[in-house]
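Let me begin by presenting the structure, written as structure tokens, before commenting on it.
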Amino acid sequence: MKTNATLFWILAIFFFLMGAVYTVWNIIDTGQVEWAGTVAIPLAGMLSVFLAFYMSRSHGAQGGELPEDRLDANIDDGDPELGHFSPWSWWPILLAFACGLVFLALAVGMWIIYIGAALVAVSLVGWVYEYYRGNFVH
């Protein structure tokens, strides 16, 4: 995280310098300010400042070095436990299809949203409670 914060600080300085260069270059070339780039490039620099500040504060609050910041770390040191996922479950596929129907309703017709919402509810309940019935009950 310390490395990421440093990279974002460098990126912020780059954007602010390039914003000044862009503005001066446009004034020299056309004699007027081109407002879209003159505003957008420093705003990208501000975004980099926000991200760098957040990452610096997060790194300081953790109280230790992350595996990504250590030179002697292995890949497995930064591999957290993400949770339990069912490799044989069909519910995520049904849920993706149902969400696709809901978004299709925005383009085709709002009547499809009722079918998609019902399928979303059924597939969400099925996915959440798949370990409460059948062979994998606990």
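Values in this text are rule-based calculations from the coordinates and carry no lab data. Small disclaimer: the values here were computed from a predicted structure and weren't measured. Ideal geometry is used to build each Cβ from the backbone, glycine not excepted, and the neighbour counts take in all protein chains shown.
What ranking, highest mean first, results for peptides 16-22, 108-114, 78-84, 35-41 when packing means the other Cβ atoms within 10 Å averaged over each residue?
Going from most to least packed, we get 16-22, 35-41, 108-114, 78-84.
State the extension gain, in nm to one decimal, for the chain segment bounded by PHE103 and VAL125, taking 0.36 nm per residue of separation less the distance between their alpha-carbons.
5.9 nm
Go ahead and run the numbers for FRET between GLU34 and SER58, Cβ-Cβ distance against an R0 of 30 Å, rounding to 0.05.
Computed FRET efficiency for GLU34 and SER58 comes out at 0.25.
Taking the Cα centre of each part, how many Å lie between region 24-64 and region 83-138?
Their Cα centres are 41 Å away from one another.
Per DSSP H run of n ≥ 4, the term is -39500 (n - 2.57); total these for the chain, divide by its residue number, and report the mean residue ellipticity at 222 nm rounded to 500 deg cm²/dmol.
Calculated from helices alone, the mean residue ellipticity at 222 nm is -23000 deg cm²/dmol.
Calculate the spin-label point distance for PHE85 paired with ASN26, positioning each point 7 Å from the Cα along the beta-carbon direction, and give it in nanometres.
Here the answer is 4.4 nm between the modelled labels.
Using the alpha carbon gyration tensor of region 91-131, what are the three equivalent-ellipsoid semi-axes (square root of 5 times each eigenvalue), largest first, in whole Å? Present the calculation step by step, with values, prior to reporting the outcome.
Values: eigenvalues 91, 15, 4 Å².
Equivalent-ellipsoid dimensions as semi-axes: 21, 9, 4 Å.
Apply the Karplus curve 6.51 cos²θ - 1.76 cosθ + 1.60, θ = phi - 60°, to the phi angles in region 67-73 and return the couplings in whole Hz, x for Gly and Pro.
Computed from phi, the couplings for region 67-73 are x, 5, 8, 9, 6, 9, 7 Hz.
Each residue of region 112-124 in order: what ³J(HN,Hα) in whole Hz does its phi give by Karplus 6.51 cos²θ - 1.76 cosθ + 1.60, θ = phi - 60°, with x for Gly and Pro?
Once rounded to whole Hz, the list reads 6, 5, 5, 5, x, 5, 5, 5, 4, 4, 5, 6, 5.
At a Förster distance of 41 Å, what's the computed FRET efficiency of MET46 paired with ASN135, Cβ-Cβ distance as r, to 0.05? Before the final figure, lay out the partial values.
Values: r = 55 Å, r/R0 = 1.33.
Taking R0 as 41 Å, the efficiency between MET46 and ASN135 is 0.15.
For the pair THR3/TRP111, report the inter-label distance in nm, with labels modelled 7 Å from Cα in the Cβ direction.
Taking the two extended label points, one gets 5.7 nm.
Taking Cα Rg over 2.2 N^0.38 Å as the quantity of interest, determine which of (i) 1.20; (ii) 1.07; (iii) 1.75 was computed from the displayed structure.
(iii)
Report the one residue of SER56, THR30, LEU101 whose Cα lies farthest in the direction of the positive end of the charge dipole of the chain (charges on C-beta: Lys and Arg +1, Asp and Glu -1; origin at the Cα centre).
LEU101
Would you report the distance distribution of C-alpha pairs in region 2-70 as whole percents per 5 angstrom bin, up to the bin with the largest distance?
3, 18, 20, 15, 12, 10, 8, 6, 4, 2, 1
For region 2-70, what does the relative contact order come out to in percent, with C-alpha contacts under 8 Å and a separation of six or more?
47 percent
May I ask you to derive the relative contact order of the chain, considering only C-alpha pairs under 8 Å and at least 6 residues apart, and to give it as an integer percent?
After rounding, I find 20 percent.
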